[in-house]
Amino acid sequence: MISDLFSVTVLIGILASGIRLSTPYLFAAIGETFGQKSGVLNLGVEGQMLLGAFAAFYVALTTGNLWLGLLTAMIVGALMGLAMAYVTVNLHAEQGISGIGFYLFGLGMSDLLFQKLMGTVETVKGFSEIYIPVLSDIPGIGKIFFSQNILVYFAYLLVPIAWFVLNKTTLGLKIRSVGENPDAADSLGVSVAHIRYFTIILGGTLSGVAGASMSIALLNVFQQNMTSGLGFIAVALVYFGAWRPIGVLGGALLFSLINSLQLWIQVLSIPIPSDLAVMMPYVVTILVLVATVSKVRAPSALSKPFERGD
């Protein structure tokens, strides 16, 4: 019954799941925000997430150490970011095409490694919930906000940190100047290449963490193409959030809550076709982009290669 969706228990479940499911969106989209603020569009986020997810899961499965799995995902993501930086900054490759190439590489390599090293779907005991004393005991609110795993807390802490770095630090000023006018930034002694390398590698690292948050914290399993387009939604969230961390947070919550809603629709066996329910987050992505893309201004140098002397 549709009325079941409006019971207190189900509403709390939807909200709690939505907060939890926003974790990979936040990690990936905040990382992409840094890259795009410096003028680099990375469409390879999904591939970085897939390799990060596999690396974290496989290391956690074989060693039993979740933190080592997370660290491995960060390293894999950083290496993917380093490769992306070299291709875009040094080789001046078209960013959209090279990003799709890295996505396909991550998709194919994670599939290959899964088949060769595992061959079948297995599970691990992922990061468990951390209950914050007193706060987690608050009816409703405690379950929604203060009974999550540690990566959820890290993801939400990342939002004010990203805002502070981008808007209140010299590094943030350099990132923004490189993304708006790299020639002017270069004339003032800012290394455009170094800044873009930093932001792309940071974005890759956070994409790796986003993948790990799925395989060893949310689902506790790895399977082929498990991100199912989430990386591309993360890129869209940067546009939705107008390149602001708080805007990205709002978009991540919107899409994760919609995703949580469609999962609960299936759990409650509400008579809505499952295929239609699964489509909901993607349909909303398209509608939001259509409504917002013409109303926000992207960094002026976004997706434009820079070469000294141009």
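Farthest towards the positive end of the charge dipole of the chain, among the residues Ile19, Thr9, Leu107, is the Cα of Ile19, using unit charges on the Cβ of Lys, Arg, Asp and Glu. Label positions at Val283 and Leu113, each projected 7 Å from the Cα along the C-beta direction, are separated by 3.6 nm. The listed peptides 129-136, 260-267, 43-50, 198-205, ordered by packing as a protection proxy, come out as 43-50, 198-205, 260-267, 129-136 (highest mean of other Cβ atoms within 10 Å first).
A cut-off under 12 angstrom between Cβ atoms defines the neighbours of Ala185, and their net charge, with Lys, Arg +1 and Asp, Glu -1, is +1. Enumerate the residues in the stretch 31-64 having an amide nitrogen under 11 Å from the point lying 7 Å beyond the Cα of Leu219 toward its Cβ. Under 11 Å, as judged by backbone N against the label point of Leu219, lie 50, 53-54 of the stretch 31-64.
Across the stretch 212-227, rounded Karplus estimates of 3J(HN,Hα) from the backbone phi angles (6.51 cos²θ - 1.76 cosθ + 1.60, θ = phi - 60°) give 5, 4, 7, 7, 10, 9, 9, 9, 6, 7, 10, 9, 4, 6, 5, 6 Hz, Gly and Pro being marked x. Extension gain for Thr120-Ile141 works out to 3.7 nm (0.36 nm per residue, less the C-alpha to C-alpha distance).
Once the Cα-Cα distance is subtracted from the 0.36 nm per residue extended length, the Glu129 to Ala184 segment shows a gain of 15.0 nm. By the scheme Lys and Arg +1, Asp and Glu -1, what is the net charge of all other residues having a beta-carbon under 14 Å from that of Phe105? It works out to a net charge of -2.
When peptides 79-88, 10-19 are ranked by their average number of other Cβ atoms within 10 Å per residue, the highest-first order is 79-88, 10-19. From the P(r) of the stretch 138-193, could you give the percentage of C-alpha pairs in the tail past 13 Å? Roughly 68 percent, rounded to a whole number. Take the Cα of Asn167, step 7 Å toward its Cβ, do the same at Lys295, and the gap between the two points is 1.9 nm. Charge dipole (Cα centre; +1 on Lys/Arg Cβ, -1 on Asp/Glu Cβ; no other charges) of the stretch 2-292 amounts to roughly 420 debye. If you count Lys pairs in the stretch 2-292 whose Cα atoms are under 25 Å apart, skipping same-chain pairs closer than 8 places in sequence, the total is 4. Please express the Cα-Cα pair-distance distribution P(r) of the stretch 2-292 as a list of whole percents, one per 10 Å bin, running from 0 to the bin with the greatest distance. That works out to 7, 27, 35, 22, 8, 1, 0, in percent per bin. The distance between label points at Trp67 and Leu276 comes to 4.9 nm (points 7 Å beyond Cα on the Cα→Cβ vector). Using θ = phi - 60° in the Karplus curve 6.51 cos²θ - 1.76 cosθ + 1.60, the 3J(HN,Hα) couplings for the stretch 86-94 round to 4, 5, 7, 7, 7, 8, 6, 5, 5 Hz; x is entered for Gly and Pro. Per-residue 3J(HN,Hα) values for the stretch 248-257, derived from phi via the Karplus relation 6.51 cos²θ - 1.76 cosθ + 1.60 with θ = phi - 60°, read 4, 4, x, x, 4, 5, 4, 6, 5, 5 Hz in sequence order (x marks Gly and Pro).
Comparing Gly99, Gly142, Gly31 in a Gaussian network model of the chain (Cα springs below 10 Å), the most mobile by mean-square fluctuation is Gly142.
Here, each number is a calculation from the coordinates, and none is a lab measurement. Just so it is clear, the structure is predicted and the values come from calculations on it, not from any experiment. Glycine also receives a Cβ, built like all others from the backbone with ideal geometry; neighbour counts cover every protein chain displayed.
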